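These notes concern the structure reproduced below.
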Amino acid sequence: MKLAVIDLGTNIFHLRIVTLQSDGSFAELFRESRFIRLAAEGIGIIGAEPFRRGLDCLKDYAQILQQHQVEKTRAIGTAALRTASNGSAFIQTALEETRLDITLIDGDQEAHYIHKGVELAVPFGADKKLIMDIGGGSVEFIIADLDKVYWAQSFPVGMAVMYHNFHKIDPISAAEIEALHAFLAKQLSPLQEALQAHQISELVGTRGTFDVLTAQFSSSKIGNHCSILPIEPLPTFFDRVIHSDLAQRQLMPEIPNDRVDMIVVGMLLIQFVLKMTSAPRILVADFDLKEGVLAEMVQTA
């Protein structure tokens, strides 16, 4: 059986197609990610151009699903479609034009799927880990070990939110950094309380913003889908990116062109969370929400 999941993120739409194996696992047949930037004109409304970009992408994805003769597809809408005043209009138009039925999930369900996906990549033991999934509209945090999820919450501190509200000057100004830190301290106060209640051994990041760090600093892995990211070289890199302007970031080979605008607030966010956790290292999982949804689809196939 061929299964597919479409993750409609605030910045990126992802399509993943797999085939279900006899042992219950799945093998990848197709993967694609496109920068759509639904929040290019703000998180409150999907502008006309991003609206059309998203629909055009879904039309292409619908054709790819047909070409691969996919039998079961789940399309998942997250923060941007939850927040935008015309998110429901986008979902309805997508159904009419592509026949893709988008399921809008809340932050708790998003965290649930992220945890299920990360479990497939990262070896969990008796020690608790903090999972951090950075999206465009929200960031999900989960504290879990092998047996249990102890705490999970979604926060409206995604890349697009921070970029539009706190990075209007380039390079980002000291006043903007101070304002962003104050915003994060207020928004993430429940995370601070959770970290005081639960001692964590490691920070686990998912693909996306963490990939920029992994590509440059990771030299070892645990298994096939989990990279080890040392802490020691990160402060120098954080400072270099945070104090650069757009032209300088465009010349940095380690930063993909699609991320040169929002990478500054992304580095500030990771830096802020590292200080909160004092984690000795970061594990970066190749799997996230998409694989969590697929795991559930496999169970019910």
Does Leu203 meet the test of being touching a residue at least 40 places away in the same chain (Cβ under 8 Å), part of a helix (DSSP H, G or I) and of a type outside the set (Ser, Thr, Tyr)?
no
Give the residue that is surrounded by the most Cβ atoms within 10 Å (Cβ to Cβ), with candidates limited to residues of region 138-185 that are of a type in the set (Phe, Trp, Tyr) and out of contact with any strand residue (DSSP E or B) (no Cβ under 8 Å at 6 or more places or on another chain).
Phe166
Here's a check for you: in region 1-28, which residue that is of a type in the set (D, E, K, R) and surrounded by 20 or more Cβ atoms within 10 Å (Cβ to Cβ) is nearest to Ala40 (Cα to Cα)?
Asp7
Residues to consider are Arg74, Arg31; find the one that is surrounded by 13 or more Cβ atoms within 10 Å (Cβ to Cβ) and among the basic types (Lys, Arg).
Arg74
Long-range neighbours under 6 Å by Cβ, at least six apart or interchain, first residue aromatic (Phe, Trp, Tyr) within region 277-293, second buried (at least 20 other Cβ atoms within 10 Å of the Cβ) and part of a loop (DSSP other than H, G, I, E, B)
Phe287/Ala121
Mind checking which helices (runs of 4 or more DSSP H) fall wholly inside region 215-293 and carry at least 1 residues that are of a type in the set (Val, Ile, Thr)?
234-242, 263-277
Output the residues belonging to region 117-126 that are farther than 22 Å from Leu188 by Cβ, in contact with an Asp or Glu (Cβ under 7 Å, 6 or more places away or on another chain) and either of a type in the set (Ser, Thr, Tyr) or touching a residue at least 60 places away in the same chain (Cβ under 8 Å) (or both).
Gly117, Leu120, Ala121
Failed item in (1) at positive phi; (2) surrounded by 15 or more Cβ atoms within 10 Å (Cβ to Cβ); (3) not acidic (Asp, Glu), with Gly223 passing the rest:
(2)
Against the definition (in contact (Cβ under 8 Å) with a residue 12 or more places away in the chain, touching a Leu at 6+ places or on another chain (Cβ under 6 Å) and either more than 19 Å from His14 (Cβ to Cβ) or acidic (Asp, Glu) (or both)), how does Ile114 come out, yes or no?
no
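Take Ser244 and decide whether it is of a type outside the set (Lys, Arg), at positive phi and either within 16 Å of the chain's Cα centre (by Cα) or not assigned by TED's automatic domain parsing to the domain that holds Arg16 (or both).
In short, no.
The values are calculated or read from the model by the stated rules, or taken from the named source; none is laboratory data. Computed from a predicted model, the values in this text were never measured in an experiment. All Cβ positions, even for glycine, are placed from backbone atoms using ideal geometry, and neighbour counts span all protein chains on display.
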